[in-house]
Amino acid sequence: MIKKIGILTSGGDSPGMNACIRAVVRTALYHNINVIGFLKGYEGLIDNDFIELKRESVSGIIQKGGTILKTARSERFMKDDGVLKAAENLKNNNVDAMIIIGGDGSFKGAIELGKHISIPIVGCAGTIDNDLVGTDFTIGYDTAINTVIEAIDKIRDTAESHDRIFVIEVMGRDAGLIALRTAIASGAEGLLVPEIKHDTESLVEKMKNWRSTKSSKIIVVAEGDQSGGGFKVAEMIKKNIPEFDVRVSILGHIQRGGNPSCMERVNASIVGYNAVKAVMTGHTNEMVGIINKQVVYTPFTKAVKHHQKLNKDLEELIEILSS
Ligand code: F6P
């Protein structure tokens, strides 16, 4: 019988986390379960820093980016002492279940926590990177890619006016999923992502063959790409094709903020609602996700180990459509 749920947001924030928190709190209260929110992710769990979450605590937050619970990448939680302290605090506070909203680092932390306390622990995939297996879209991804294409559309205007090449670096340390979708949606001429190996020679060759009647060119680069990021790619182009007028734009943390899109708010609400139902029905060490409109539960160990694969056809699609 679950009487009290603890919730936290951890790792990089993402738009839609608030909608998910709201769904968890309101669903739990509907079932007469109290909710406490730990602040700054696992840091709050270690320091026993929490707030009680009532209906009104989550009023007016569904449309807001960021996370009202704040977040952190806790180094202390990566050590045994930190995990033990967190487990002890959960026991002392009579917390019967934990819901963790975050990405792969957060779920690795959840796996460690689960070794020291036997309560249901369920995750909601919250990261702009979309790099978890077990859900089509993580909370934050849709908003982030919309932010990116808004920016690229604006850059395209100035690139056209000056006949320039723009190298645009987007987030994604280990995954190129933000880059892939935004390259398609912005009609980019080039895509560089960590999942697809490339060499300078063939890249240069390809660029030299770009249609000359097309005045602007956009290359979307994921920050984790083997090239070393936007500035390195621009350097490489200048060195090999000096006649090209190249500029770089690093979009950075703008991608993590802003009001969540409609799809984000809906998905985050579905995931939060189902996370409460999951802990009530004994699910543990699993992430709640949505695949083909169906709610699915994936063990943390699987969700964090395998990144989503890039659809190779989409790479070809970018080339054909932008030629
Ligand atoms: O994991 C989400 C993410 O935005 C990555 O895309 C990016 O590499 C990283 O976080 C940046 O993290 P921080 O804000 O801690 O520098």
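Summary of computed values
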quantity: Test: Ser161 is under 30 Å from Pro15 (Cβ atoms), modelled with pLDDT of 95 or more and not aliphatic (A, V, I, L, M); calculated: no
quantity: Ala159 outside the structural domain of Ser74 (by TED's automatic domain parsing), open to solvent by less than 10 Å² (accessible area, probe 1.4 Å) and not β-branched (Val, Ile, Thr); calculated: yes
quantity: Residue under evaluation Ile5, criteria (1) surrounded by fewer than 24 Cβ atoms within 10 Å (Cβ to Cβ); (2) outside any helix (DSSP H, G or I), criterion not met; calculated: (1)
quantity: Every pair of residues 6+ apart whose Cβ atoms lie under 7 Å, when the first sits in region 223-245 and is at negative phi and of a type in the set (Phe, Trp, Tyr) while the second is away from the ligand (no atom under 15 Å from the Cβ) and assigned to a helix (DSSP H, G or I); calculated: Phe244/Ile237
quantity: Boolean, Ala303 is over 14 Å from Glu169 (Cα atoms) and touching a Cys at 6+ places or on another chain (Cβ under 9 Å); calculated: no
quantity: Glu169 vs. criteria away from the ligand (no atom under 16 Å from the Cβ) and either exposed (fewer than 15 other Cβ atoms within 10 Å of the Cβ) or at pLDDT 95 or above (or both); calculated: no
quantity: Among residues of region 251-285, those that are under 21 Å from Thr143 (Cα atoms) and either touching a strand residue (DSSP E or B) at 6+ places or on another chain (Cβ under 7 Å) or part of a helix (DSSP H, G or I) (or both), counted; calculated: 18
quantity: Residue count for region 96-116, restricted to those that are open to solvent by 10 Å² or more (accessible area, probe 1.4 Å) and of a type in the set (A, V, I, L, M, F, W, C); calculated: 1
quantity: Any hit, region 159-176, residues being closer than 24 Å to Asp136 by Cβ, free of Cβ contacts under 8 Å to residues at least 60 places away in the same chain and not aromatic (Phe, Trp, Tyr); calculated: yes
quantity: Residue that is farthest from Gly114 (Cα to Cα) [pool: residues in region 66-75 that are surrounded by fewer than 20 Cβ atoms within 10 Å (Cβ to Cβ) and within 16 Å of the ligand (Cβ to nearest atom)]; calculated: Gly66
quantity: Cβ-Cβ under 6 Å pairs, at least 6 apart or on other chains, region 299-323 side closer than 15 Å to Asp104 by Cβ, far side β-branched (Val, Ile, Thr) and assigned to a helix (DSSP H, G or I); calculated: Phe300/Ile111
quantity: Residues of region 197-224 that turn out to be over 17 Å from Ala159 (Cα atoms) and within 16 Å of the ligand (Cβ to nearest atom), as a count; calculated: 3
quantity: Every residue from region 251-292 that is of a type in the set (Asp, Glu) and more than 16 Å from the chain's Cα centre (by Cα); calculated: Glu286
quantity: Residue under evaluation Ala87, criteria (1) within 13 Å of Leu45 (Cα to Cα); (2) away from the ligand (no atom under 16 Å from the Cβ); (3) assigned to a loop (DSSP other than H, G, I, E, B), criterion not met; calculated: (3)
quantity: Residues located in region 177-216, provided they are closer than 14 Å to Gly228 by Cα and free of Cβ contacts under 8 Å to residues at least 40 places away in the same chain; calculated: Pro194, Lys197, His198, Asp199
quantity: Residues being open to solvent by less than 40 Å² (accessible area, probe 1.4 Å) and either modelled with pLDDT under 95 or among the aliphatic types (A, V, I, L, M) (or both) - total across region 40-65; calculated: 5
quantity: Test result for Ile149, without any contact (Cβ under 8 Å) to a residue 60 or more places away in the chain, within 17 Å of His283 (Cα to Cα) and open to solvent by less than 50 Å² (accessible area, probe 1.4 Å); calculated: no
quantity: Of all residues in region 211-232 being basic (Lys, Arg) and open to solvent by 40 Å² or more (accessible area, probe 1.4 Å), the one that is modelled with the highest pLDDT; calculated: Lys232
quantity: Search result, residues across region 129-146 that are among the aromatic types (Phe, Trp, Tyr) and either crowded, with 24+ Cβ neighbours inside 10 Å or within 14 Å of the ligand (Cβ to nearest atom) (or both); calculated: Tyr141
quantity: Hey, Ser14 farther than 18 Å from Ile119 by Cα and open to solvent by 10 Å² or more (accessible area, probe 1.4 Å) or not; calculated: no
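The values are calculated or read from the model by the stated rules, or taken from the named source; none is laboratory data. It should be emphasised that the depicted structure is a prediction, and the values quoted were computed from it without experimental measurement. Heads up, the Cβs are rebuilt from the backbone with ideal geometry, glycines too, and the neighbour counts pull from every protein chain shown. The area values use the complete protein model at the heavy-atom level, side chains included, leaving out ligands, DNA and RNA. Shrake-Rupley method; radii C 1.70, N 1.55, O 1.52, S 1.80 Å.
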